[in-house]
Amino acid sequence: MLQPFAHYGTHIFLPLIVALIWYKSHWKQAFLIMLAGMLIDLDHLMANPIFDPNRCSIGFHLLHSSFAILFYIFLLIPKKSRLVALGLVIHIIADSEEEAKTKLDKDGGIVTKREVTTLDAVALHNELEKK
C-alpha cells in the first residue's frame, strides 16, 4: 500500500531536494527540468500491456535499457545537460528502488518482484506436471 507512495515520492521529492540544495537561486526551474525526466515513461506506451505490476521497467522498456542508462550517466558530465541528466538518473534510481522492494511469499520468505515472477512460473510448471 505504501509502495506506490514511496515510488512516486522518490520521483517527485528527490528532484525537489536536489534542486533546493544545489540550485537554490533557481530551484523552481531546476526542479521542473528534473521532473521532466518522468517523460521517459512514455516508452511504457509501446509495451503490451502498458502496465504490468510484476514487470520491471529497468531493462524492459527502451528508455530504461542499459544503453540508455549509460547515456544518461554520460549526460551528467557536460554542465549544459546536467539538470536533464539528473532528472533521468533520479528517475532510473526511483524505478530501481521500486524493483528492489520486496514481497512476502506464501511461506513468509522475502523475494523480489523478479523472483516472484520466476516462482509463479515454476509453481505453474509444477501444477501442469501434476496433471
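The values are calculated or read from the model by the stated rules, or taken from the named source; none is laboratory data. What you see is a predicted model, and the numbers here were worked out from it, not measured in a lab. Every residue, glycine as well, gets a Cβ built from its backbone with ideal geometry; the counts of neighbours run over all protein chains shown. Remember, those area values only see protein heavy atoms, side chains included, never the ligands or the DNA or RNA. Shrake-Rupley method; radii C 1.70, N 1.55, O 1.52, S 1.80 Å.
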How much accessible area does ARG55 have with a 1.4 Å probe, in Å² rounded to the nearest 10? 40
Given q = 0.10, 0.24, 0.25 Å⁻¹, what are the Debye log10 I(q)/I(0) values for the stretch 1-105, with equal point scatterers placed on the Cα positions and solvent ignored? -0.29, -1.34, -1.40
In sequence order, what are the phi-derived ³J(HN,Hα) couplings for the stretch 22-27 according to the Karplus relation 6.51 cos²θ - 1.76 cosθ + 1.60 with θ = phi - 60°, rounded to whole Hz, with x for glycine and proline? 9, 10, 4, 5, 9, 5
Evaluate 2.2 N^0.38 Å with N set to the residue count of the stretch 28-87, then give the Cα radius of gyration divided by it. 1.24
When ranked by the protection proxy of mean other Cβ atoms within 10 Å per residue, highest first, what sequence do the peptides 44-52, 22-30 form? 22-30, 44-52
